[in-house]
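The values are calculated or read from the model by the stated rules, or taken from the named source; none is laboratory data. Just so it is clear, the model here is predicted, and its values are computed rather than measured. All Cβ positions, glycine included, derive from the backbone under ideal geometry; neighbour counts span all protein chains shown.
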C-alpha cells in the first residue's frame with residue numbers, strides 16, 4: 001500500500017498538480033496544513049486529491065487521505081494512512 005502512495009505522489013508532483021488556487025505545480029517547500037479549510041493537492045486530470053481529510057467523529061482531528069474530487073455528496077476517501085490514528089490540528093506535510 002505504501003508503494004501505491006509513493007507512485008501517486010510521484011505522478012502528482014512530477015506532472016504538476018494543482019496546489020490550492022490553480023497553481024499547477026507542487027514545488028519544494030510547498031506544504032499542506034491540517035485545519036478547517038480544505039487544502040489539497042489535486043491530480044492533473046482533477047479526479048483525485050491528496051491532503052488532510054477531517055476524521056469522522058472529531059472536527060479537530062484529521063487523517064492523511066486520497067479522495068475523489070468531483071463525486072456528489074460526502075467526500076469519498078479511497079485511501080487513508082492508518083485511519084484509526086488521527087492527526088492533530090495544524091500538523092503539516094511539506095515537500
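At a glance:
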item	result
Residue 17 being farther than 16 Å from residue 94 by Cα and either at pLDDT below 85 or exposed (fewer than 15 other Cβ atoms within 10 Å of the Cβ) (or both)	no
Any strands (runs of 3 or more DSSP E) falling wholly within the range 50-95 and containing at least 2 residues that are in contact with a strand residue (DSSP E or B) (Cβ under 8 Å, 6 or more places away or on another chain) and surrounded by fewer than 13 Cβ atoms within 10 Å (Cβ to Cβ)	92-94
